[in-house]
1. Taking 0.36 nm per residue of sequence separation and subtracting the Cα-Cα distance, how much length would be gained by fully extending the chain between Asp563 and Lys169, in nm to one decimal?
2. Quick one, can you get me the convex hull of the C-alpha atoms of region 1-120 expressed as volume per residue in Å³?
3. Taking only the Cα atoms of region 16-56, how large is their convex hull per residue, in Å³?
4. Among 336-344, 455-463, 539-547, 517-525, what's the highest-first ranking by average C-beta atoms within 10 angstrom per residue?
5. How would you rank Cys81, Cys550, going from fewest to most other Cβ atoms within 10 Å of each one's own Cβ?
6. Want the number for Asn324 to Glu60: 0.36 nm per residue separation, take away the alpha-carbon distance, what's left?
7. How many angstrom lie between the C-alpha centres of region 4-66 and region 317-331?
8. Throw me the Rg/Rh for region 2-212, computed over C-alpha atoms with Kirkwood Rh, two decimals.
Amino acid sequence: MGAGEGGNGGVLGTFITEWAHGASVCRSLLASAEICCMYASRLAELAFEFGFDGWLINIENEVDMKDLPRLHLFVQHLRQCMQSQSPNPLVIWYDAVTEEGRLDWQNCLNEKNRFFFGDSDGLFTNYSWSEYMAESSANVAGERAPEVYMGVDVFGRNTFGGGGWNCNKALKVARKAKVSAALFAPGWVFETNQPPSFEVAQTRWWKTIQDCWPVGRFSPMRLPFFTDFNRGCGARVSVEGNVVSTQPWFNLSCQNMQPILKVTAQPQNSLEVNMSHEAAYGGGSCLRISGSEDTLGLVLLYESYVPVKGNRFHVSHSVLELDNLNICLALHVQMDSSRFLVLLADEEAFIDVPPNLQSCVVKRSEPISESSGMWLVRKHILELGACTITQIHAAVYSHELDVQKLMSLFEDNDNQITSKLSTQENNFLNKVLLGHLRISTEPEHDRDLPKIVFEGCQSEWTQLSETSKSVSLTLRWGLLQSHVSNGNCQWVQYHVYVTKDEDSRGSSSVSRSDPEFLGVAVSQAFVVQDLLVPNSCNTLNFHVQAHCACGLPGVLSPACSVDVSRSTHQDWGSGSDPSQLLLSEHAV
């Protein structure tokens, strides 16, 4: 859900009943008007409590004729409850049960399912439709045609177009009919191990979708905006350019808003872009741009509509220039009735700027930050007055940046520009990595730190051998202050670390290990599972570091300490007093 919300996309839960057992469930669910409304209310409460945006209702079993009025009431009441607590709720009905209660997939909107369509916010059709069915669905829906979602099974099971690499055929037909589409099981690329590699095949497959179904919404909508191009997985974990863990990981809650990655360049040049796990400024991935010796081009990262209300705003980004390829950010800005491109260049960059375009180039106005691993962090202050950022690009060049040619690429893209993503393994020798992007109305140092109060933990110990044991526990904490600075930049992530105190041999002193990264939480709780603890360790010290929506970290909190000497039982969770497991609680 965090990944969906971070990408400005809605997230739906699925309520499904199937076959004989499903029919039995439906008889209980629809036993009376009071019961079906009660269950609908509970589904709405679940959505509100866990932060998702609605429900897909999939009844794939026969329904008794006498229960059909209450099935309609169930859907109607669910929709009403969702509307009362969410600004843009969605209740989608799947095309399976007809008005007669029969399990009979229609593959379109027609007289047999249109009343369920009327009860809900949309219809997700079955997959075996035709071009005629898409057109007839639009005719039946009328003004609500975009709320009919023609189902496309990516695995190709009895689906129009054949699925797989031909999903775009179905999408083109649906778009021509002016209805919408629903892609089922896009994990097909990974699950079928499509060649030549998952990264290349995934990019290629989604490009076939993007080419026939344009982006339907803007990306960033407000400041602060931050991305470190985190995909929610990686071979290691980095924080501000420094590797804090070398363990592979997967946590989609850490995923940032993903970039568009539309490449524009002169025809004779070659420029490709993809996501990469070879390095990371934050999280586990970055943006890799590869090109030839004479590359000049633009990579569209985000379509946006970000109003800037103050007189100035701050932009920072990190780069790792591995070869003879350079990068600078380019913001497309609208001010009153004028639109222009602003290039954020490095102070030492070789730039050819004609006199009439001098105002379009902003040199670095803050010193390069302290070392962030291998990454170079560039910072700019822009004083443009009230304006709106409508696009965010990366300008890529080798040797010298010709601003006049770059502006021509941007303005004349209908005639001069070719667009392509990296859809095959390339052999370009030159590449540059983009690690993060931050846009904010406040300086990076102008923020308050959160006050973290640990609420306790409860431990379960297991003796593994004569030299080690393991512990599992849940940490919980609260914030005494939930906002930072005047920009209302929320604390959205919590990084959890542990240090271990051990008795030094032959000495009465205690040695403390370096902080060990354990993971990331997006709520104020974290589960530690089977943490290995040597018998020489006498105290575990858990620390939390809050990160705000700007991507900036707070300080490491004082410790919540657990006395290991109390872990003499094999299983503390089965009979000991949980209150004795916590040694101390501290507040920042």
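1. 135.6 nm
2. Dividing the Cα hull volume of region 1-120 by its residue count gives 105 Å³.
3. Spread over its residues, the Cα hull of region 16-56 gives 66 Å³ apiece.
4. Result, highest mean Cβ count within 10 Å first: 539-547, 455-463, 517-525, 336-344.
5. Least to most surrounded, the residues fall as Cys81, Cys550.
6. Taking 0.36 nm per residue and subtracting the Cα distance, the gain is 89.2 nm.
7. 49 Å
8. 0.98
Where a number appears in this text, it was derived from the coordinates with a stated rule and is not lab data. Since the model is a prediction, treat every value here as computed from it, not as a measurement. Every residue, glycine as well, gets a Cβ built from its backbone with ideal geometry; the counts of neighbours run over all protein chains shown.
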